[in-house]
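*Asks:* My structure is below; once you've seen it, I'll send some questions.
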Amino acid sequence: MTALLTAYVLMWPVLVLGILITIARGFAKDVAEARKEGRPII
Amino acid sequence: MPPAPSGEIVQLGIIGVLLLLLLFYGGTMWMSVAISRKKENADDYMTAGNRIGFGVSAASMTATWIWASSMYASVTAGYTYGVSGPIHYGLWGALMILFIYPFGKRIRAVAPRAHTLAEVMYARHGRSSQLMLAGSNVLGSVISLTSNFIAGGAIIAMLSPLSFGAGILIIAGGVLLYTLWSGFRASVLTDFAQVMAMLGAAVVIIPAVFFLAGGPSMFAEGVSAGHVTPQQESFFSSDAFMNQGAPYIAAVLAYAIGNQTIAQRLFAVREDLIKPTFITATVGYGATVIGVGMLGVMALYLGIEPMGGDVNNLMPQMVGTYLPVALVALAFIMIVGSLSSTADSDLAALSSIVMTDIYGQSVGRRNADPKLMLLIGRITMIVATGLALYFATARFNILDLLVFVGALWGCLVFPVIASFYWKKVTNKAFTLSVIAALAVFLPVRFQLIPLEGAWALLVELLAIIGVGVVLGIMAFGFFGLRPAIVIGATTTIAVLPFGFGFLRDFETLSGSLVAYSVSFLVCYLLSVRSSQDFDFSVIKKVTGDFDEETPVSGAEPRPGTDPDDLDRVTADR
């Protein structure tokens with residue numbers, strides 16, 4: 001039970017890290033596309 | 001096990017807090033100035049041109065949905081209900097983003113260049129439906145703004161010698177400054193930096209508190225010390241579901257439909273990116289909020305007593321008790337980021353509603369002056385900030401107000417969604433169904449009439465139907481009408497034997513459910529015999545840009561911009 005609860009507590013920051021990387025990569029792609037098209041990102 | 005907490009928590013001090021706030025609001029201000037234009041476009045001020053990319057939109061949707069209150073509430077759920085508590089707060093909130101996405105695609109398809117949902121209701125039904133939705137949006141956003149200011153004032157007062165009043169003034173001033181000039185564009189872009197700070201802090205803080213507070217051994221020691229009950233140890237706690245999860249499922253569906261901050265992002269993102277944006281925000285919100293809720297679970301197992309008996313103090317208390325000052329500063333930025341990203345979205349939402357629904361549609365889209373519109377939007381932000389500051393200092397009961405607004409939106413969910421799919425729904429059906437639902441909800445939620453005898457049976461019957469309506473709406477978005485009817489009817493029949501004599505003990509849940517069922521029954525019964533055969537293409541023509549930039553010679557008019565179309569379809573509004 002201790003191992004299960006430990007995994008339960010620590011799985012969330014791992015998932016958050018995955019999303020953080022996804023969003024950061026998406027943002028970098030948005031910036032690159034905006035630069036290529038010569039327009040502001042927003 | 002680490003040494004027992006002494007009761008003292010790490011302080012950041014006045015200089016530390018002010019430097020962190022200067023860094024945070026200075027950075028967001030710099031981003032806002034970088035994208036500002038001397039002459040802002042009124043439509044971009046509200047929807048950023050309807051073509052923002054995946055990275056910006058996913059960051060913005062995630063940042064907006066995660067607000068300071070959601071972090072505090074998840075920690076409280078973990079402390080109160082144990083291991084399943086944060087799931088029954090965060091998972092349902094996350095799934096609601098997902099359940100709203102199919103409706104979002106439909107809304108965007110019928111109104112590609114709208115600014116607010118209320119504006120679409122104007123095009124679909126007329127002024128009363130529009131004002132009903134706009135009014136509930138304004139109320140909800142002002143309350144949300146107030147709640148975020150309160151959270152900011154409280155955290156500053158707890159981690160520094162500054163007062164609560166000084167804290168809310170700094171937060172309100174910081175958010176207003178960077179949002180005022182560029183509106184939604186500033187809100188969306190700064191959301192990226194804020195979400196990076198929030199998510200990055202969550203990645204570090206959750207495991208740091210876990211290991212510094214004792215690591216895996218805290219669980220066995222907490223059980224042997226008698227800190228947790230069998231229900232709190234269970235992943236399938238019925239207590240957690242009935243008291244936390246179930247009312248929340250009903251309420252959050254309403255929040256996602258009734259909240260202009262979500263609708264605004266729906267209209268801003270590039271249409272082909274709606275799905276990945278909503279999926280990323282679902283996982284991002286769920287993982288962050290449930291993860292932060294683990295601090296409450298840890299506090300429970302460690303046998304921590306909340307400072308001053310207030311569970312809202314638990315999160316800063318856990319962080320301030322176990323973490324070194326550098327990580328406390330990181331946690332501070334996480335909380336300030338979460339409340340600022342939602343507060344700036346509320347300001348942008350409020351300005352859009354007043355610009356579009358109060359000014360724009362009242363003078364007519366062709367007569368609207370974009371310059372005046374922008375001025376109105378900026379004045380709205382200043383007035384809203386002042387109002388929220390007043391409510392924050394008056395210490396109104398925010399939870400009661402939020403429950404009220406949640407139910408108000410619960411009354412709107414079926415009529416709003418049905419209006420996007422069913423040609424027969426009339427303005428009368430929309431308006432009366434919302435009023436009737438509200439009239440039944442209020443006495444149930446606030447127990448104005450004791451829930452006993454025939455009244456209790458009637459309320460339980462309506463609540464049982466409400467369960468079917470909620471699940472039916474969710475199923476409809478993904479699977480269509482037939483499966484929705486089957487799922488809704490089956491659920492209602494399945495709950496029938498258990499609901500009577502049981503639901504009356506859960507007035508929050510029953511109140512939300514009757515709001516759904518009454519609005520569904522009245523809207524359905526008034527519409528089913530209606531001869532109206534609404535043409536959905538009208539919506540595209542009535543909603544559209546207010547601020548026409550230099551038109552391209554010979555180009556086809558964008559949806560909603562052809563003056564002849566507009567004259568024709570708005571003649572009877």
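Laboratory data are not the source of any read-out in this text; all were calculated from the coordinates shown. Note that this is a predicted model, so its numbers are computed, not measured. Note: ideal-geometry Cβ built from the backbone for every residue, glycine included; neighbour counts use all protein chains shown.
*Asks:* Tell me the relative contact order for segment B:265-387 as a rounded percent, counting alpha carbon contacts under 8 Å between residues six or more apart. It would help to have the intermediate numbers written out before the result.
*Replies:* Values: 43 pairs, mean separation 18.9, N = 123.
Normalised by residue count, the contact order of segment B:265-387 is 15 percent.
*Asks:* If you keep only loop residues by DSSP, which chymotrypsin sites (Phe, Trp or Tyr not before Pro) in segment B:413-505 have at most 15 other Cβ atoms within 10 Å of their Cβ?
*Replies:* Numbers: sites: B:Phe420, B:Tyr421, B:Trp422, B:Phe430, B:Phe441, B:Phe446, B:Trp455, B:Phe476, B:Phe478, B:Phe479, B:Phe498, B:Phe500, B:Phe502; in loops: B:Trp422, B:Phe446, B:Phe500, B:Phe502.
Here the chymotrypsin sites (Phe, Trp or Tyr not before Pro) that fit, given the DSSP loop and packing criteria, are B:Phe446, B:Phe500, B:Phe502.
*Asks:* Per DSSP helix of 4 or more residues, -39500 (n - 2.57); summed, then divided by the residues of the protein assembly as shown. What does that give at 222 nm, rounded to the nearest 500?
*Replies:* My calculation for the protein assembly as shown gives -24500 deg cm²/dmol from helical runs alone.
*Asks:* What relative contact order, as a whole-number percentage, does chain B give when Cα pairs under 8 Å and 6 or more residues apart are counted?
*Replies:* On the way: 939 pairs, mean separation 152.1, N = 573.
Relative contact order comes out at 27 percent.
*Asks:* For the Cα atoms of chain A, what angle does the longest principal axis make with the long axis of helix A:2-37, in degrees from 0 to 90, nearest 10?
*Replies:* Taking the Cα atoms of chain A, the angle to A:2-37 is about 0 degrees.
*Asks:* Now for a separate question. Please list, in order along segment B:102-115, the HN-Hα scalar couplings obtained from phi with the Karplus expression 6.51 cos²θ - 1.76 cosθ + 1.60 (θ = phi - 60°), rounded to whole Hz, x for Gly and Pro.
*Replies:* x, 5, x, 4, 5, 4, 5, 5, 7, 9, x, 10, 6, 10
*Asks:* Placing +1 at every Lys and Arg Cβ and -1 at every Asp and Glu Cβ, with all other atoms neutral, what dipole size does the protein assembly as shown have around its Cα centre, in debye to the nearest 20?
*Replies:* Dipole about the Cα centre, nearest 20: 1240 debye.
*Asks:* Count charges around B:Asp191 for me, please; just the other residues with Cβ under 10 Å from its Cβ, Lys/Arg as +1, Asp/Glu as -1.
*Replies:* Values: positive: B:Arg265; negative: B:Asp344.
Residues close to B:Asp191 contribute a combined charge of 0.
*Asks:* Ok, one more. Cα centroid distance between segment B:129-154 and segment B:13-40, in Å?
*Replies:* The two parts, judged by their Cα centres, are 24 Å apart.
*Asks:* Using Cα centres only, tell me the gap between segment B:473-520 and segment B:296-350 in whole Å.
*Replies:* First find each Cα centre; the distance between them is then 35 Å.
*Asks:* Spelling out what I want: for every residue of segment B:286-293, take phi, set θ = phi - 60°, compute 6.51 cos²θ - 1.76 cosθ + 1.60 (Karplus), and round to whole Hz; glycine and proline get x.
*Replies:* x, 5, 5, 6, 5, x, 5, x
*Asks:* Also, quick follow-up: List the trypsin sites (Lys or Arg not before Pro) within segment B:1-88 that DSSP assigns to loop and that have no more than 10 neighbouring Cβ atoms inside 10 Å. Intermediate results must be reported in sequence, preceding the final value.
*Replies:* Numbers: sites: B:Arg37, B:Lys38, B:Lys39, B:Arg51; in loops: B:Arg37, B:Lys38, B:Lys39, B:Arg51.
Taking segment B:1-88 and a limit of 10 other Cβ atoms within 10 Å, the loop trypsin sites (Lys or Arg not before Pro) found are B:Lys38, B:Lys39.
*Asks:* Also, I was wondering about something else. How big is the Kirkwood radius of chain B, worked out from every pair of different alpha carbons and given in Å to one decimal?
*Replies:* 24.4 Å
*Asks:* For segment B:194-200, what does the Karplus curve 6.51 cos²θ - 1.76 cosθ + 1.60, with θ = phi - 60°, yield as ³J(HN,Hα) per residue in whole Hz, taken in order and with x for Gly and Pro?
*Replies:* 5, 6, 4, 5, 5, 5, x
*Asks:* Please go through the residue pairs B:Lys39/B:Lys541; B:Lys105/B:Lys540; B:Lys105/B:Lys371; B:Lys39/B:Lys275; B:Lys105/B:Lys423; B:Lys424/B:Lys541 and name each one whose alpha carbons sit more than 22 Å apart in this structure. Write out the running numbers ahead of the final one.
*Replies:* Values: B:Lys39/B:Lys541 27 Å; B:Lys105/B:Lys540 14 Å; B:Lys105/B:Lys371 31 Å; B:Lys39/B:Lys275 33 Å; B:Lys105/B:Lys423 18 Å; B:Lys424/B:Lys541 20 Å.
In this structure, B:Lys39/B:Lys541; B:Lys105/B:Lys371; B:Lys39/B:Lys275 exceed 22 Å between Cα atoms.
*Asks:* What translational D, rounded to a whole number of µm²/s, comes out for segment B:397-539 from Stokes-Einstein when the hydrodynamic radius is the Kirkwood one over Cα pairs, at 10 °C and 1.306 mPa s? Intermediate results must be reported in sequence, preceding the final value.
*Replies:* Details: Rh = 15.5 Å.
Estimated diffusion coefficient is 102 µm²/s.
*Asks:* Rounded, prolate or oblate: pick one for the protein assembly as shown, where a ≥ b ≥ c are the square roots of the eigenvalues of its C-alpha gyration tensor, a/c under 1.5 means rounded, and failing that, prolate if a/b is larger than b/c, else oblate.
*Replies:* Here the protein assembly as shown falls in the oblate category.
*Asks:* Please give the contour-minus-distance gain from B:Arg270 to B:Val223: 0.36 nm per residue of separation, less the Cα-Cα distance, rounded to one decimal in nm.
*Replies:* Working: separation 47, 0.36 × 47 = 16.92 nm, distance 5.06 nm.
In short, 11.9 nm is gained.
*Asks:* Looking at segment B:206-277, which chymotrypsin sites (Phe, Trp or Tyr not before Pro) are in a loop (DSSP not H, G, I, E or B) and have at most 14 other Cβ atoms within 10 Å? All intermediate terms of the calculation are to be shown ahead of the outcome.
*Replies:* Details: sites: B:Phe210, B:Phe211, B:Phe219, B:Phe235, B:Phe236, B:Phe241, B:Tyr248, B:Tyr255, B:Phe267; in loops: B:Phe235, B:Phe236.
Qualifying residues, ordered by number: B:Phe235, B:Phe236.
*Asks:* Computed over the Cα atoms of chain A, what is the convex hull's projected area averaged over all directions, in nm²?
*Replies:* Values: hull surface 12.1 nm².
Average projection, Cα convex hull of chain A: 3.0 nm².
*Asks:* Continuing with the same structure: How far is it, in nm, from the label point at A:Ile21 to the one at B:Tyr390 when both lie 7 Å from their Cα along the line to the Cβ?
*Replies:* Label at A:Ile21, label at B:Tyr390, 5.0 nm between them.
*Asks:* Would you kindly state the longest site-free stretch of chain B, with sites defined as GluC sites (Glu not before Pro) in a DSSP loop (not H, G, I, E, B) surrounded by at most 14 other Cβ atoms within 10 Å? Provide the component values of the computation, followed by the final result.
*Replies:* On the way: sites that count: B:Glu8, B:Glu452, B:Glu549.
Value returned for the longest uninterrupted segment is B:9-451.
*Asks:* Another question about this same structure. Treating only the Cβ atoms of Lys and Arg (+1) and Asp and Glu (-1) as charged, compute the dipole magnitude of chain A about its Cα centre; round to the nearest 20 debye.
*Replies:* Working: 5 positive and 3 negative charges, 31 e Å.
Magnitude of the dipole: close to 160 debye.
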